[in-house]
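> One structure coming up, written as structure tokens, with questions to follow.
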2 protein chains.
Amino acid sequence: MIFATDPTVSMPSSEEISSLLSEKKYSEIKALTEVIAPPDMAEIFEDISEREQILLFRLLSKEQAAETFVEMDKDLQFRLISSFSDSEISSIISELYLDDTVDIIEEMPATVVKRILKSTTKEQRDAINEVLRYPKNSAGSIMTTEYVRLRINMTVADALTHIRRVAQEKETIYTSYVTDSDRHLLGIVTAKRLLVSDPELPISEIMETNVVSVNTTDDREEVAAKFERYGFLSVPVVDKEQRLVGIITFDDALVVIKEESEEDFAKMAAVTPAEAPYLKTTVGELFRSRIPWLLILMLSATVSSSILSGFESALPAVLVLFVPMLMGTGGNSGGQSSVTVIRGISRGEILFSDILRVFWKELRVGILCAVTLAGATFVKVEVVERLILGNSEVTLAVALTVSLALALTIIVAKIIGAVLPLLACKIGLDPAVMASPLITTLVDAVSLLLYFAVASGVLGV
Amino acid sequence: MIFATDPTVSMPSSEEISSLLSEKKYSEIKALTEVIAPPDMAEIFEDISEREQILLFRLLSKEQAAETFVEMDKDLQFRLISSFSDSEISSIISELYLDDTVDIIEEMPATVVKRILKSTTKEQRDAINEVLRYPKNSAGSIMTTEYVRLRINMTVADALTHIRRVAQEKETIYTSYVTDSDRHLLGIVTAKRLLVSDPELPISEIMETNVVSVNTTDDREEVAAKFERYGFLSVPVVDKEQRLVGIITFDDALVVIKEESEEDFAKMAAVTPAEAPYLKTTVGELFRSRIPWLLILMLSATVSSSILSGFESALPAVLVLFVPMLMGTGGNSGGQSSVTVIRGISRGEILFSDILRVFWKELRVGILCAVTLAGATFVKVEVVERLILGNSEVTLAVALTVSLALALTIIVAKIIGAVLPLLACKIGLDPAVMASPLITTLVDAVSLLLYFAVASGVLGV
């Protein structure tokens, strides 16, 4: 859906709307609200009082009311719907596209769902139940059944007449789907193609017969990846028997792309993905999304402490000074690899079967990074600390120990960081769980063990 | 552009294509390649020899050749274009949409650009130069000038006739733009609206007059955010005088969304964003994208080492054991806040003016996390280590010191993590530079200082 707001006209603020409401200037409000795009309208609703919300909602045109309702957060939707009469609910639902109705139903408590379903026709209810029965995050769960279906024996002129007739109820008319009488998908035809073709031609001659479709049970992330790759406006959803059951449009794919990438960002920062924007998330919600991860990571860090305490007495004090640098660099090296590989997995560019290629690549990159950083560290420790600053504790053996341990840590960290997400994926875990924070904690322990092993080898401690 | 591949027909592999080429079965190849979507076709090209690439490219239909060319990486484009005659170049360029031509020109060396421009008409050249003159990452630089423009005095029937006539050369016909004779944008009208309207109606009566448009100099990231928010198919680009100069279509916005979020992921992992997928990036490229950050972070970690060395002799050995846990938890706490805030900034949800709200929110979340984690640590150290394990070095004062230092570190880390990205943004730096790795390094130093301060207060060291 295309909606429009004139950027040169300044948007009315929620304060202006409030004061117009209290002055009962309803016709002025009606005129104002007509040109506000639904996402902006929904934002205004969030800033006014509950009483004003109900009043303002009733002033909106039927279409604007429905489209704004879709954009609201679920608390506001619940509050409004609770204040509606059954006929008001029915009037909104009749304006909504099916997939939006399903989204709302999925968020509402059972009593509200009952009221919504009561206000739909038998046909709508069947379509809603069709979409609802697909598992969360599947292609079926985000599809709509409101697409244009053409019969194979239609001409171009027939098709255009049919499209004109049904356009209002369809989510898109820019791609039509041609099926046989059993709903098997035979081909697609774009509105552009229809417009430029001879009206007398049969559809079968101008349709594309080689169609990228998705299955109802496909993961919605895979579906979104297809939109990104091919630039589709919409994609047909078929069942196991290749029968057309719905379509997914690009705007819904866009929502999936956004949600999935925000989820990955959250996991990389070791927080539970939030549903609302930061400023609208309460302190309690932020706390709950962060504390489990901090606790887990803190407890796993005690492993490092135990290792440190096990070796500390044996280790010259000067070596302890390099522990933060060693652990930090190890964590960063592993984090670089893990985030890169996790993104590759989630974009479908890296598969588990690539694990050996990934290992071999990271081994080489790791060696290059190790040589560079260990070299830099050796020069810094040996030249700056020992020769220039004359720190007598820093012997050549110390410089060697630190550099060698650093080199090994970097190589191991890169391999752990790259391979663990792939292994997680293989055993059915979300690879993003293996993001920087967990990798860092693991690499910390490994780097300490390597440090002590090298120290005992070189210094004989 | 919608293209289609039948998922039930298995895609020909590059090996099959290779062997068909060597057997000179050209008509079979032609039939095969006709149904392959351009992104898939481009992938086949990458897996065959240079000689085969040139041969196969000449076998493609004109349209397929052009669309596949757009999907290739720039090295392959360069190799192919170098083998082309001027007339072959001209035949491909004439099939391309303007924005794709501009993308190619931007990646090619000057000699190739000259050959491409030579093969274009004066009109095309002017349009290309129009787009090329806008700064990188601006709306102007990703727009196309191939849109459908309608005159305000047309009827619906006139408009449909016009659209039918020009459809082939336009990137989209699903939204048309209505302008006056000076190209000032007056409104938009969708193909759907045209199809369902009375053919005799004037355009001016059915067009939407309140149009969301973007300016040529707007950041492309802002433009992409508008597509995400409003679900547009295309958006008009106007100059300072509100004259229509081009449009941006959703597929180009999708590319921007993808690139910008991958860039943020890369920065959060402290790597320079890669241009190609992981498996296609060479070891040298990976090394170069990672080593500068590792070096910078390693050098900044020496700050922590210096702090540690300054206080180490004064500190009881038992306190050193808690350093990794303290630094790790501080880093994770700060990382959680920084990634959350950075995403909020890049999605336009958090502005610099929100800095006090962010500070206040993080302070409260920080205190909650601090109390929980410090409490857990106190119990663990006091009960498990001292009472159960009977570690005599761990006194009540040590448990208190560690817990208090941890609490302070968490609060400070959360605030640093949330506020620094906003400050970076304010002074014109990319907030993502303040992502986890840098925050972690900073928090490491701060947590050590706090630890020693608390230790000297509680233990009197």
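The values are calculated or read from the model by the stated rules, or taken from the named source; none is laboratory data. Because the structure is a prediction, the values reported are computed rather than measured. Ideal geometry is used to build each Cβ from the backbone, glycine not excepted, and the neighbour counts take in all protein chains shown. These area figures cover heavy atoms from the full protein model, side chains too; ligands, DNA and RNA do not enter into them. Shrake-Rupley method; radii C 1.70, N 1.55, O 1.52, S 1.80 Å.
> Output the 0 to 90 degree angle, nearest 10, between the alpha-carbon long axis of helix B:50-59 and the longest principal axis computed from the alpha carbons of chain B.
Approximately 40 degrees, to the nearest ten.
> Moving to a separate point now. Where both partners of a DSSP beta bridge lie in the protein assembly as shown, what percent of those bridges are antiparallel, to the nearest 5?
70
> Moving on. May I ask you to rank B:TYR97, A:TYR147 by accessible area, largest first, using a 1.4 Å probe over the protein chains only?
Result of the area sort, largest leading: B:TYR97, A:TYR147.
> How far, in degrees from 0 to 90, does helix A:86-95 lean away from the longest principal axis of the Cα atoms of chain A, to the nearest 10?
In chain A, helix A:86-95 runs at an angle near 80 degrees to the longest axis.
> Below 8 Å, C-alpha to C-alpha, sequence gap of six or more: please give me the relative contact order for the range B:168-309 in percent.
Taking the mean separation of contacting Cα pairs over the length of the range B:168-309, I get 16 percent.
> Now for a different question. With charges only on Cβ, +1 for K and R and -1 for D and E, what is the dipole size of the protein assembly as shown about its Cα centre, in debye, rounded to 20?
Magnitude of the dipole: close to 1800 debye.
> Now for a separate question. Which value in nm describes the separation of the simple spin-label points at B:ILE152 and A:VAL113, placed 7 Å from the Cα toward the beta carbon?
The modelled label-to-label distance comes out at 5.2 nm.
> Rank B:ASN210, B:ILE427, A:VAL384 by how far each Cα sits towards the positive end of the charge dipole of the protein assembly as shown (+1 on Lys, Arg Cβ; -1 on Asp, Glu Cβ) and give me just the farthest.
Value computed over the given set: A:VAL384.
> Take A:ASP73 and A:LEU363, extend 7 Å from each Cα along the Cα→Cβ direction, and tell me the distance between the two endpoints in nm.
5.1
> Kindly compute the accessible surface that chains A and B hide from a 1.4 Å probe when together, both sides summed, and give it to the nearest 100 Å².
By this definition, chains A and B bury close to 10700 Å².
> What are the principal axis extents of the Cα atoms in the range B:85-216, in Å, biggest first?
Projected onto the principal axes, the Cα atoms of the range B:85-216 cover 52, 30, 23 Å.
> Which value, in Å² and to the nearest 10, is the accessible area of A:LYS62 when all protein chains are kept and the probe is 1.4 Å?
About 110 Å², ignoring ligands and nucleic acids.
> Helix-only mean residue ellipticity at 222 nm, chain A, DSSP H runs n ≥ 4 weighted -39,500 (n - 2.57), per residue, nearest 500. What is it?
It lands at -20000 deg cm²/dmol.
> With viscosity set to 1.002 mPa s and temperature to 20 °C, compute the Stokes-Einstein D of the range A:324-363, Rh being the Kirkwood radius across alpha carbon pairs; µm²/s, no decimals.
Values: Rh = 11.0 Å.
This corresponds to a translational diffusion coefficient of 194 µm²/s.
> Regarding the range B:67-113, what's the average projected area of the Cα-atom convex hull, expressed in nm²?
2.9
> Which GluC sites (Glu not before Pro) does the range A:40-77 hold that lie in a coil by DSSP with at most 10 other beta carbons within 10 Å?
none
> Per-residue Cβ counts within 10 Å, from other chains only, averaged over B:266-277: what number is that? It would help to have the intermediate numbers written out before the result.
Working: counts 4, 1, 7, 14, 6, 6, 0, 0, 3, 0, 1, 6.
Neighbouring Cβ atoms belonging to other protein chains average 4 per residue here.
> Give the Rg (one decimal place) followed by the Dmax (whole number) of the range A:262-315, computed from C-alpha coordinates and expressed in Å.
Using the Cα atoms of the range A:262-315, the pair Rg, Dmax is 16.3, 52 Å.
> Sort all Cα-Cα distances of the protein assembly as shown into consecutive 10 angstrom bins from zero, then give the percent of pairs in each bin up to the one containing the longest distance.
Per 10 Å bin, starting at zero, the Cα-Cα P(r) for the protein assembly as shown comes out as 2, 10, 18, 22, 19, 14, 9, 4, 1, 0 percent.
> Report the calculated FRET efficiency for B:LEU132 and B:ILE427 (r = Cβ-Cβ distance, R0 = 51 Å), to the nearest 0.05. Don't skip to the end; give the middle numbers.
Numbers: r = 31 Å, r/R0 = 0.60.
Result of the calculation: an efficiency of 0.95.
> Here is a follow-up. For the pair A:GLU169 and A:LEU351, what calculated FRET efficiency results from E = 1/(1 + (r/R0)^6), where r is the Cβ-Cβ distance and R0 = 45 Å, to the nearest 0.05?
For A:LEU351 and A:GLU169, the calculated efficiency is 0.65.
> Using only alpha carbons, build the gyration tensor for the range A:286-391 and give me the equivalent ellipsoid semi-axes, biggest first, whole Å.
Taking √(5λ) for each eigenvalue gives 32, 24, 13 Å, largest first.
> Can I ask one more? Jot down the radius of gyration and Dmax of the range A:39-98, Cα atoms only, both in angstrom.
10.4, 30
> Which one, B:ILE105, B:ALA65, B:TRP360, is farthest towards the positive end of the dipole of the protein assembly as shown when Lys and Arg carry +1 and Asp and Glu -1 on their Cβ?
Checking the options against the dipole of the protein assembly as shown, the answer is B:TRP360.
> Now a separate question. What distance in nm separates the two pseudo spin-label positions at B:SER14 and B:SER181, each 7 Å out from Cα along the beta-carbon direction?
5.7
> Further, regarding this structure: How crowded by other chains is A:207-213, given as the mean number of beta carbons from other chains within 10 Å of each beta carbon?
6
> Enter the accessible area of B:SER22 (Å², nearest 10), with the probe set to 1.4 Å and all protein chains included.
Rounded to the nearest 10, that gives 80 Å².
> Considering every Cα-Cα pair within the range B:170-222, what fraction, in whole percent, is farther apart than 19 Å?
So the pairs more than 19 Å apart make up 37 percent of the total in the range B:170-222.
> Here is a further query. So for chain B, considering every pair of alpha-carbon atoms, how many percent are separated by more than 29 Å?
I get 64 percent for the Cα pairs in chain B exceeding 29 Å.
> Separate question: Considering only DSSP beta bridges whose two residues both sit in chain A, what percent are antiparallel, to the nearest 5?
70
> What value does the range A:1-122 have for Rg/Rh, both radii from Cα atoms and Rh as Kirkwood defines it?
Using Cα coordinates only, the ratio equals 0.97.
> Report, as an integer, the average count of C-beta atoms from other chains found within 10 Å of each Cβ along B:302-314.
4
> Then there is this: At what distance in angstrom do the alpha carbon centres of the range A:80-121 and the range B:243-266 lie from each other?
35
> Using a simple charge model, +1 on the beta-carbon of Lys and Arg, -1 on the beta-carbon of Asp and Glu, nothing else, what dipole does the range A:20-147 show about its Cα centre, in debye to the nearest 20?
Taking the Cα centre of the range A:20-147 as origin, the dipole is about 620 debye.
> When only alpha-carbon atoms are used, what values of Rg and Dmax, in angstrom, describe the range B:89-161?
Using the Cα atoms of the range B:89-161, the pair Rg, Dmax is 14.9, 47 Å.
> Just how large is the dipole of chain A about the Cα centre, in debye to the nearest 20, putting +1 at every Lys and Arg Cβ and -1 at every Asp and Glu Cβ?
I would put it at about 1300 debye.
> Follow-up question, since we're still on this one. Quick check on the range A:303-461: what does the Kirkwood estimate of hydrodynamic radius come out to from the alpha carbon pairs, in Å?
Hydrodynamic radius (Kirkwood, Cα pairs) of the range A:303-461 is 16.3 Å.
> When the expected Rg is taken as 2.2 N^0.38 Å, what fraction or multiple of it is the alpha-carbon Rg of the range A:185-287?
Here the Cα radius of gyration is 1.51 times the empirical estimate.
> From the residues A:VAL339, A:ALA224, A:ALA37, which one has its Cα farthest along the dipole of the protein assembly as shown in the positive direction, the dipole being from +1 and -1 charges on Cβ of Lys/Arg and Asp/Glu about the Cα centre?
Of A:VAL339, A:ALA224, A:ALA37, it is A:VAL339.
> Quick check: with the 1.4 Å probe, what order do A:TYR134, A:TYR26 take by accessible area, largest first?
So the residues, ranked largest to smallest area, are A:TYR26, A:TYR134.
> At 1.4 Å probe size, put A:LYS258, A:LYS414 in order of accessible surface, largest to smallest. Each step should come with its number before you reach the end.
Details: A:LYS258 75, A:LYS414 0 Å².
From most accessible down to least: A:LYS258, A:LYS414.
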